[in-house]
Amino acid sequence: MKKAAALVLGLALLTACSVNDISETTVTTTTVAETTTTAETTTTTTAETTTTAETTTTTAETTTTTAETTTTTAETTTTTAETTTTAETTTTAPETTTTAVVTTTAPETTTAAVTTTAATVAATTAATTTAATTTAATTTAAATTTATTPQLSTLRLPAYSDLLPSLKDTYKDYFLMGAAIDVPHLVPGTNQYKIITKHYNFITTGNELKPEYINTSNGVFKFETPDKYIKFGDDHPDMKLRGHTLVWHSQVPGWWFKGSGTDGNATSKELMDRMEEYITTVVGRYKGKIDTWDVVNEVLSDSTGDLRRDSESSKWASIIGDLDGDGRDSDYIEQAFILAHKADPNAKLIINDYSIEADWKKINAMYDLVKYMLQKGIPVDGIGIQAHVQLGAVSPSTFEKAIEKFASLKEFNPDFTVEVTELDVSIFSWNDNSKTKQITPALEKQLAEYYRDLFTMFKRQADKGNLSLVVTWGFYDGGSWLDNYPVPGRVNAPLLFDRNYKAKPAFWGVVDPSKIDACVAE
């Protein structure tokens, strides 16, 4: 079955399921003298024998996969062998497999293969609840063996299953375990809600707390959706909430940067006033409710390692400029932290960026920026490493060195911490422009072992007091931002649960690596 399972896994990246509820399919395997039809997925082997000394009908391994869309469609596969007046005849049904480029299988569906011979019918019958008598002289033999419904997979279970260990419990002695969510995922009774509450003790909104969704126009703040997020936190006091993000060059209201300055741009004072109003209003509203804020996001240049500026779509530095005359134009970052701390002195304040797990130009630039701010007394509590990585592209040892470099800033703030804030592992390399990739057992194992190695390193850093949080950017493949990015139409598989919310080998790589091979085999 390993080969068939591997080929079936090929369906995942062609099927983009977003269903909230997964239909479970019961599979029954029946051997009968006449065709039997069930309302659910059924495999039937029919043998008709007339005046035979010995007839053997063997059904080779048959794999039937029903891909889940919104509901599961019952399918029936029938293999019939007929033998007439022969001394000894053997008929073998051919092996059937279903293959595709990408992977999706109907939830909790297994097909059993049955081999039945006329010579062993009596023994098989005695082991079941069906009684029959078969002899070589019997013109027509009827025997029915109904297999017990197979047990559900013990590894590729739905993420919300009570039979799976929880991520948050697995790492409770090391760090908080989080995921990025959308507010509609928090509706009680949905599969998403059950997964979030089972596995995570920390969540962050993917979009709903970004400025463009809240401060839509001058003087207008829309809090209806963020308030639902806060209500979820109130109802789940063991769950910590993150605010993502206060200051960013993207998904920020365009009107913030327009005003009475040159070429219609805002003046330094106008933009500072707008930033102050926003941070004071939003952080103040959720004071004591949101545990951690990404105060500024993605401020470093990809090309220079210095601050991102106009050439990379950020007007913050060029408009606000050097307010304190120290020769640096990072003042907008410093002011953002000062304002956030004033609005909620107990909130943890983080500077967040990407590629700072491996790009040493950006790693050193981030270290220098934060060190300078800490030396000035700016209230920075930690650095967030986004960690959007490609499979195998960043070695855990390189990642670990980055964490340790940032953690050395505890010299200036004993409570300073490092967080992994947006982890996912693309199965595509960065320069790969293809839309799909075959999910082979080898690829699944590679992804699982990479996750295993990352989390082994995370535990080691947590033991050293350097790492306090790991957040995955999303919690199942069907909700990942890496679908369609950076290639339109792409279907990716970067997370721990698949598109049907089922545990992947990658999940076992994180919670129990000894089960990776067994999960791959399923």
When every protein chain stays in place and a 1.4 Å probe is rolled, Lys504, Lys410, Lys222 sorted by accessible area with the largest first are Lys222, Lys410, Lys504
Here Rg/Rh (Cα, Kirkwood) for the range 193-264 equals 1.12
Here, Ser408 and Thr190, labelled 7 Å along Cα→Cβ, have an inter-label distance in nm of 4.5
Of every hundred units of 1.4 Å-probe accessible area on the range 252-383, the number belonging to carbon and sulfur atoms, as a percent, is 46
Taking a probe of 1.4 Å and leaving out DNA, RNA and ligands, the range 421-522 shows per residue an accessible area in Å² of 34
Taking alpha-carbon centroids only, the range 255-316 lies from the range 477-493 a number of Å equal to 29
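When ranked by the protection proxy of mean other Cβ atoms within 10 Å per residue, highest first, what sequence do the peptides 284-297, 161-174, 357-370 form?
Going from most to least packed, we get 284-297, 357-370, 161-174.
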What the 10 Å binned alpha carbon P(r) of the range 256-318 shows, as percent of pairs per bin from 0, is 18, 39, 33, 10, 0
The ³J(HN,Hα) series, computed from each phi in the range 181-189 with the Karplus coefficients 6.51, -1.76 and 1.60 at θ = phi - 60°, rounded to the nearest Hz and given as x for glycine or proline, is 9, 10, 4, x, 5, 8, 6, x, x
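The values are calculated or read from the model by the stated rules, or taken from the named source; none is laboratory data. Note that the coordinates shown come from a computational prediction; the quantities given were computed from them, not determined experimentally. Every residue, glycine among them, receives a Cβ derived from its backbone with ideal geometry; neighbour counts consider all protein chains shown. The protein model used for the area step is the full one, side chains on, heavy atoms only, and it has no ligands, DNA or RNA in it. Shrake-Rupley method; radii C 1.70, N 1.55, O 1.52, S 1.80 Å.
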